[in-house]
Amino acid sequence: MSVLSHYKGLSKLMEERGLDCVVILGEANLAYLTGYRGPGALLISKNGVKKLLVPLLEAYRAEELVKDVEILPYVSYSVQHCIYDNVLYKRLKEAIVHILKGIGARKVGVDISEGDYDVIVYVKEKLKHMVDISDKLKEMRSIKDPKEIEVITHAIRIAECGLEKSLDLIRDGMSEIEVAGIVEFGMRKAGANGYAFPTIVASGSNAAYPHAVPSNKPIGRHEPIVIDLGALYNNYCSDLTRTLFIGGADPEIKRALEAVIEAQEEAIDIIEPGIKACEVDMKAREVLAKYDLDKYFIHSLGHGIGIEVHEAPTLNSNSDTELKSGMVITIEPGIYIKGKYGIRIEDDVLVTKSGRTILSSMNKLIEL
Ligand SMILES: [Mn+2]
């Protein structure tokens, strides 16, 4: 996919902050700017020099994915008769400094929070004038362009299709691990390159752990089964959660699920450009408070999704970030009662100029 438009934001940043060059180190930021996701560094100068440093073993793949940038392989040991004649026989940090000095860069922007500590310390020591641009990149990535929205929407379809197909195969008595495997195979069959994160399947009292790890526990009838899944497609993630029941839901738990759905829908209804993320989080908590369930909602309401499954903005009580058109966020209220049960519903929402579009579309009450 074309990522050329993302360079424009960086050129503007270099101008605004008087930078000679930027160095991109994080794998997600490399994917954002080049389409290549892997180790290495991208160097862009204000004069238009673009070089992508990649480990020698990644050079073929990078050449296939990245067309408008010079690919420079590096390797820390000597290689005789190497197929590339431009290999830098250096470690990454040395290769970066070598190039920066070669182009006479003095003031350099680096996405410090994404780089290895060792690399950052070395570059800072050799360059002196280093500026952190991590926040700017996070902000740029939080606003998706139409192509990114299309790819994320497809990643959501893959997750929904994978879960939908799995519903015919899930039976009580299967282990959580087995169900996770069925769901993941479903996403693969629907075209997933990979998973946004390891699928969570948590039933009964295990569902009280928001980040439960699937276990050998057999899933039972009438208990909540939380399935949190996400597909990776063309470098972009989806993130979706449903709580389902085999043989119908226990009535008390069903009422709690209805409260969670109401909290989610009311929070989604107030999403529009200019609203603060904390206000959306607050709305969900207000609804749960009506049912005296807010005390069991022990995590934030949601987060941005994109190249990474958790990215800016964060939706919690401290987040005064204003939502903007082009952001894609999750809205995922849940309640977790230790030793008893847990419930979560998660959908993916695009902030639009006039309000919001819910990108996921699966039923919220699923009884098998
Ligand atoms: Mn999520």
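The values are calculated or read from the model by the stated rules, or taken from the named source; none is laboratory data. These numbers were taken from a predicted model, which means no experiment stands behind them. Cβ sites come from the backbone with ideal geometry, for glycine too, and all protein chains shown count toward neighbours. When the accessible area is computed, the model is the full protein with side chains, heavy atoms only, and any ligands, DNA or RNA have been set aside. Shrake-Rupley method; radii C 1.70, N 1.55, O 1.52, S 1.80 Å.
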key: Close pairs from region 220-241: first more than 21 Å from Pro210 (Cα to Cα) and part of a loop (DSSP other than H, G, I, E, B), partner open to solvent by less than 10 Å² (accessible area, probe 1.4 Å) and more than 14 Å from the ligand (Cβ to nearest atom), Cβ under 6 Å, at least 6 apart   = Asn234/Val151; Asn235/Ala31; Asn235/Ile307
query = Yes or no: Glu176 over 27 Å from Glu27 (Cβ atoms) and more than 16 Å from the ligand (Cβ to nearest atom)?
reply = yes
request  = Search region 272-307 for residues being of a type in the set (Asp, Glu) and in contact with a Lys or Arg (Cβ under 8 Å, 6 or more places away or on another chain), and hand back the single one that is nearest to the ligand (Cβ to nearest atom).
outcome  = Asp294
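So for region 167-175 (the condition being basic (Lys, Arg), open to solvent by 40 Å² or more (accessible area, probe 1.4 Å) and either closer than 30 Å to Thr34 by Cβ or at pLDDT below 95 (or both)), does at least one residue qualify?
Residues of region 167-175 that are basic (Lys, Arg), as a first pass: 171.
Adding the requirement that they be open to solvent by 40 Å² or more (accessible area, probe 1.4 Å) leaves 171.
Retained after the next criterion (residues that are either closer than 30 Å to Thr34 by Cβ or at pLDDT below 95 (or both)): none.
Scanning region 167-175, I find no residue that is basic (Lys, Arg), open to solvent by 40 Å² or more (accessible area, probe 1.4 Å) and either closer than 30 Å to Thr34 by Cβ or at pLDDT below 95 (or both), so the answer is no.
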inquiry  = Name the single residue that is farthest from Pro198 (Cα to Cα) among those in region 150-179 being touching a Ser or Thr at 6+ places or on another chain (Cβ under 9 Å) and aliphatic (A, V, I, L, M).
reply    = Ile152
message = On the basis of being crowded, with 16+ Cβ neighbours inside 10 Å, within 16 Å of the ligand (Cβ to nearest atom) and in a strand (DSSP E or B), does Leu163 make the cut?
response = no
query = Within region 229-239, is even one residue closer than 23 Å to Ala256 by Cβ and modelled with pLDDT of 95 or more?
reply = yes
inquiry  = Residues that are touching a residue at least 40 places away in the same chain (Cβ under 8 Å), closer than 18 Å to Gly230 by Cα and either of a type in the set (D, E, K, R) or surrounded by fewer than 17 Cβ atoms within 10 Å (Cβ to Cβ) (or both): does region 287-302 have at least one?
reply    = no
Number of the exception - Met282 against (1) in a helix (DSSP H, G or I); (2) open to solvent by 70 Å² or more (accessible area, probe 1.4 Å); (3) free of Cβ contacts under 8 Å to residues at least 24 places away in the same chain = (3)
key: Residue check for Thr314: hydroxyl-bearing (Ser, Thr, Tyr), within 14 Å of the ligand (Cβ to nearest atom) and touching a residue at least 24 places away in the same chain (Cβ under 8 Å)   = yes
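Residues checked against (1) under 24 Å from the mean Cα position of the chain (by Cα); (2) assigned to a loop (DSSP other than H, G, I, E, B):
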site: Ile44; (1), (2): no, no
site: Leu72; (1), (2): no, no
site: Ser78; (1), (2): no, yes
site: Tyr84; (1), (2): no, yes
site: Val97; (1), (2): no, no
site: Glu139; (1), (2): yes, no
site: Lys144; (1), (2): yes, yes
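Taking the conditions exactly as written (closer than 30 Å to Lys353 by Cα and touching a residue at least 40 places away in the same chain (Cβ under 8 Å)), does Met174 satisfy them or not? Full working, then the answer.
Values: closer than 30 Å to Lys353 by Cα: no; touching a residue at least 40 places away in the same chain (Cβ under 8 Å): yes.
Answer is no for this residue.
Inspect all residues belonging to region 251-261 and state whether any of them is small (Gly, Ala, Ser) and assigned to a loop (DSSP other than H, G, I, E, B).
Quick first cut of region 251-261, residues small (Gly, Ala, Ser) only: 256, 259.
From what is left, the residues that are assigned to a loop (DSSP other than H, G, I, E, B) are none.
No: region 251-261 contains no residue that is small (Gly, Ala, Ser) and assigned to a loop (DSSP other than H, G, I, E, B).
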Looking only at region 104-135, and only at residues there that are assigned to a helix (DSSP H, G or I) and open to solvent by less than 40 Å² (accessible area, probe 1.4 Å), the one that is nearest to Leu359 (Cα to Cα) = Ser134
task = Identify, by number, the condition in (1) without any contact (Cβ under 8 Å) to a residue 12 or more places away in the chain; (2) under 24 Å from Ser325 (Cβ atoms) that Ile143 doesn't meet.
result = (1)
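Considering only residues that are of a type in the set (A, V, I, L, M) and open to solvent by 30 Å² or more (accessible area, probe 1.4 Å), look in region 202-240 and name the one that is nearest to the ligand (Cβ to nearest atom). Give the derivation first.
Initial filter on region 202-240 (of a type in the set (A, V, I, L, M)): 202, 207-208, 212-213, 219, 225-227, 229, 231-232, 240.
Of the ones still in play, those that are also open to solvent by 30 Å² or more (accessible area, probe 1.4 Å) are 213, 232.
On the way: Val213: 16, Leu232: 14 Å.
If we take residues in region 202-240 being of a type in the set (A, V, I, L, M) and open to solvent by 30 Å² or more (accessible area, probe 1.4 Å), then Leu232 is nearest to the ligand (Cβ to nearest atom).
Condition check: in a strand (DSSP E or B), within 30 Å of Gly173 (Cα to Cα) and within 15 Å of the ligand (Cβ to nearest atom). Does Leu244 satisfy that?
Values: in a strand (DSSP E or B): yes; within 30 Å of Gly173 (Cα to Cα): yes; within 15 Å of the ligand (Cβ to nearest atom): no.
Spelling it out, it is not the case that Leu244 is in a strand (DSSP E or B), within 30 Å of Gly173 (Cα to Cα) and within 15 Å of the ligand (Cβ to nearest atom).
Residues being more than 28 Å from the chain's Cα centre (by Cα) and β-branched (Val, Ile, Thr): count how many of those fall in region 99-119.
So the first thing to find is which residues in region 99-119 are more than 28 Å from the chain's Cα centre (by Cα), and the list is 99-107.
Next cut, β-branched (Val, Ile, Thr) only: 99, 103.
Adding up the residues that qualify gives 2.
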task = Check every one of the strands (runs of 3 or more DSSP E) wholly within region 322-368 and list those with 2 or more residues that are open to solvent by less than 60 Å² (accessible area, probe 1.4 Å), within 12 Å of the ligand (Cβ to nearest atom) and assigned by TED's automatic domain parsing to the domain that holds Pro224.
result = 328-331, 347-352
